[in-house]
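Visitor: This is the structure I have questions about; it appears just below.
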Amino acid sequence: MKVLARGLSSGEGHALTIGNLRAQTGKAQPFSDDFNLAVAAVDWPPAVIAGAYRTGVLGVRSLLRRGVRATCFDSNRQQPGFRSVYGHAHACPDPDTDPEGWVDFMIQLAGKMGGKPVLIPSADQFVSAIADHADRLAGYYILSPGVALHGLLATKQTQYELAAKHGMPLPRTRFVRSAEDIEAFANNAEFPCLLKPIHFREWQRFPSEHPLSYAKVAIAETSLQLLDSWRLASAINPNVIAQEIIQGPDTDKRVYLACYDSRSSRIGNAMFRELRCNPMRFGPASVTEPVLDPETDQVCDGFLRSVGYVGICEIEMKRDTRDGRVKMIELNPRLTGGGDAAPYAGVDLCWLHYLDLIGKNPTPVAPNGRDFRHIDLRADVGAIFAYRRARLISWGDVIRSYKSPRAFFDFDTHDWRYSAETIYRMARSACRELVRSLLDRLGA
């Protein structure tokens with residue numbers, strides 16, 4: 001894949017894209033080189049990626065290309081890992097509903113892999129499961145020393161509690177259990193606000209017709225709407241997070257990506273600016289580009305060092321236009337979709353984490369200075385139409401964001417089934433959006 005070399009023409013905020021920085025300085029910035037071994041030795045341990053969603057597929061791909069024998073697993077057979085050319089995923093019991101069966105599966109899988117495999121999570125469900133059963137798994141897998149902390153960070157309540165305790169800037173946030181808690185939060189909050197579940201997958205348990213089914217957040221413009229949303233959510237779990245919404249455009253969002261070794265020293269880092277996301281304002285990024293933002297880097301790195309973090313991490317941050325402060329949206333203690341952009345910037349987080357876990361003491365790696373667009377094609381189709389309806393972008397902006405060089409999260413010419421599914425989903429989404437646009441015009 002070619003790598004992109006353009007900076008955005010608008011929405012620069014408080015940081016510079018690498019392309020624009022070079023245009024101003026006339027030379028490349030001093031980024032360190034990667035002096036680590038490029039491929040694994042034949043006797044190095046295999047690896048198991050926990051999760052067969054697209055992030056898991058890319059984790060397997062990263063390690064296989066380095067010569068590591070790797071596989072993944074999932075309880076959902078519809079995940080793309082079960083159709084990827086990089087190896088068929090293993091079907092496992094759901095650790096939420098059958099924890100004992102899942103642990104038995106994990107022990108058997110380690111035996112099939114041979115030796116003591118490295119275990120790397122790519123989904124919150126398995127971050128929690130690994131943390132809950134670390135004592136039993138440790139005899140069969142090489143686990144991150146940070147596994148207990150990962151488990152705490154995978155739950156929104158303890159994530160925000162740790163963030164507040166260690167000085168990470170946050171929007172006004174409160175863990176609520178009752179209508180009285182909602183009212184107390186609303187009395188001091190600045191609207192609009194939102195509710196989010198303790199675990200994202202909790203709201204996946206709602207029937208498809210439920211207003212919160214598979215929702216990432218519930219938005220409220222007033223205290224009454226916030227209370228109504230809580231009542232809807234309480235049918236599954238009354239314990240949720242209430243939070244003020246960080247104000248500002250999506251281009252003020254930053255995605256901080258890093259890997260910390262067993263001594264909590266940073267051995268790899270990169271940062272990206274969000275250009276679009278799906279759903280708009282609150283969803284995962286569908287298009288990002290490398291960005292230099294020393295302030296956000298310092299805030300994120302300082303927090304992770306403070307908590308003694310070990311492993312791969314993604315932190316979503318955003319500058320609040322109300323007070324100018326950079327604040328945390330959320331943290332993901334695992335492989336992520338956004339993390340797939342880092343290797344194109346010269347920072348292969350999964351490889352660095354693997355090297356550290358097997359005791360190879362990797363040399364720290366920083367971004368190589370390339371500028372590119374990292375695109376999630378499936379998500380970006382819907383994002384384009386949403387941003388167009390909101391009159392936030394033009395078709396010219398869309399075309400510029402797809403100019404070469406670029407990299408894709410969900411299109412890989414070597415994995416034809418995976419890529420064919422992406423094309424199919426893009427086409428279906430585009431048709432649905434075009435029909436919606438046509439109906440909107442007819443109804444106008």
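Laboratory data are not the source of any read-out in this text; all were calculated from the coordinates shown. Being a predicted model, the structure only gives us computed values, none of them experimental. Here the Cβ is made from the backbone with ideal geometry for all residues, glycine too, and neighbour counts use every protein chain on show.
Visitor: Mind checking the alpha-carbon convex hull of region 268-385 and giving the volume per residue in Å³?
Guide: Values: hull volume 13.3 nm³, N = 118.
Per residue, the Cα convex hull of region 268-385 comes to 112 Å³.
Visitor: What 222 nm value per residue comes from the helices of the chain, counting each DSSP H run with n ≥ 4 as -39,500 (n - 2.57) and dividing by all residues, nearest 500 deg cm²/dmol? Intermediate results must be reported in sequence, preceding the final value.
Guide: Values: 14 runs with 156 residues, N = 444.
After summing the helix terms and dividing by the residues of the chain, the value is -10500 deg cm²/dmol.
Visitor: Moving on. If region 346-444 were replaced by its equivalent ellipsoid, with semi-axes equal to the square roots of 5 times the Cα gyration tensor eigenvalues, what would those be, largest first, whole Å? Spell out each step's value before the answer.
Guide: Details: eigenvalues 271, 58, 26 Å².
They are 37, 17, 11 Å, listed largest first.
Visitor: Then there's this: Share of Cα-Cα pairs in region 133-202 beyond 17 Å, in percent? Walk me through the numbers before you get to the answer.
Guide: Details: 1399 of 2415 pairs.
Tail of P(r) above 17 Å: 58 percent of Cα pairs.
Visitor: From the gyration tensor of the Cα coordinates in region 47-141, what semi-axes in whole Å does the equivalent ellipsoid have, largest first, with each one equal to sqrt(5λ)? Numbers along the way, then the final one.
Guide: On the way: eigenvalues 74, 47, 24 Å².
They are 19, 15, 11 Å, listed from largest to smallest.
Visitor: Here is a follow-up. Counting pairs on different chains as well as pairs 8 or more places apart, how many Lys pairs in the chain have Cα atoms under 16 Å apart?
Guide: Within the chain, the lysine pair count is 11.
Visitor: Right, something else. Taking the Cα centre of region 172-244 as the origin, how large is its charge dipole in debye, to the nearest 20, when only Lys and Arg (+1) and Asp and Glu (-1) carry charge on their Cβ atoms? All intermediate terms of the calculation are to be shown ahead of the outcome.
Guide: Details: 8 positive and 9 negative charges, 68 e Å.
In total the dipole reaches around 320 debye.
Visitor: So if I place +1 on the C-beta of Lys and Arg and -1 on the C-beta of Asp and Glu, and nothing else carries charge, what would the dipole magnitude of region 47-141 be about its Cα centre? I want it in debye, nearest 20. If you can, show how the numbers build up before the last one.
Guide: Values: 10 positive and 9 negative charges, 163 e Å.
The calculation lands at about 780 debye.
Visitor: Something else: What is the distance in Å between the Cα centroid of region 81-150 and that of region 215-279?
Guide: 26
Visitor: Students often check this: by mean Cβ neighbours within 10 Å, which of 40-48, 120-128, 306-314 ranks highest, and how do the rest follow? All intermediate terms of the calculation are to be shown ahead of the outcome.
Guide: Working: 40-48: 17.6, 120-128: 25.4, 306-314: 21.7.
Those peptides, ordered most packed to least, come out 120-128, 306-314, 40-48.
Visitor: Which order do the peptides 58-69, 290-301, 336-347 come out in when sorted by mean C-beta neighbours inside 10 angstrom, highest first?
Guide: Values: 58-69: 22.2, 290-301: 19.8, 336-347: 24.6.
Per-residue mean Cβ counts within 10 Å order the peptides as 336-347, 58-69, 290-301.
Visitor: Remind me, relative contact order of region 172-244 in percent, using alpha carbon pairs under 8 angstrom and six or more residues apart? Can you show the working numbers first?
Guide: Values: 122 pairs, mean separation 36.0, N = 73.
The normalised contact order for region 172-244 reaches 49 percent.
Visitor: Still on this structure: Report the normalised scattering of region 172-244 as log10 I(q)/I(0) at q = 0.18, 0.19, 0.20 Å⁻¹, calculated by the Debye formula with identical scatterers on the alpha carbons.
Guide: With one equal scatterer per Cα and no solvent, log10 I(q)/I(0) is -0.58, -0.65, -0.72.
Visitor: Also, quick follow-up: Rounded to the nearest 20 debye, what is the charge dipole size of the chain about its Cα centre when +1 sits on each Lys and Arg Cβ and -1 on each Asp and Glu Cβ?
Guide: Values: 54 positive and 50 negative charges, 255 e Å.
Dipole about the Cα centre, nearest 20: 1220 debye.
Visitor: Select from 63, 103, 118 the residue farthest towards the positive end of the dipole of region 47-141; place +1 on Cβ of Lys and Arg, -1 on Cβ of Asp and Glu, and compute about the Cα centre.
Guide: My answer, from the dipole projection, is 63.
Visitor: Hey, what does the equivalent ellipsoid look like for the chain, semi-axes from the Cα gyration tensor as sqrt of 5 times each eigenvalue, largest first, whole Å?
Guide: On the way: eigenvalues 198, 152, 110 Å².
Equivalent-ellipsoid dimensions as semi-axes: 31, 28, 23 Å.
Visitor: Something else now. What relative contact order, as a whole-number percentage, does the chain give when Cα pairs under 8 Å and 6 or more residues apart are counted? Numbers along the way, then the final one.
Guide: Numbers: 882 pairs, mean separation 83.9, N = 444.
For the chain, the relative contact order is 19 percent.
Visitor: For Cα pairs less than 8 Å apart in space and 6+ apart in sequence, what is the mean separation divided by the residue count of region 232-320, i.e. the relative contact order in percent?
Guide: Values: 137 pairs, mean separation 31.7, N = 89.
36 percent.
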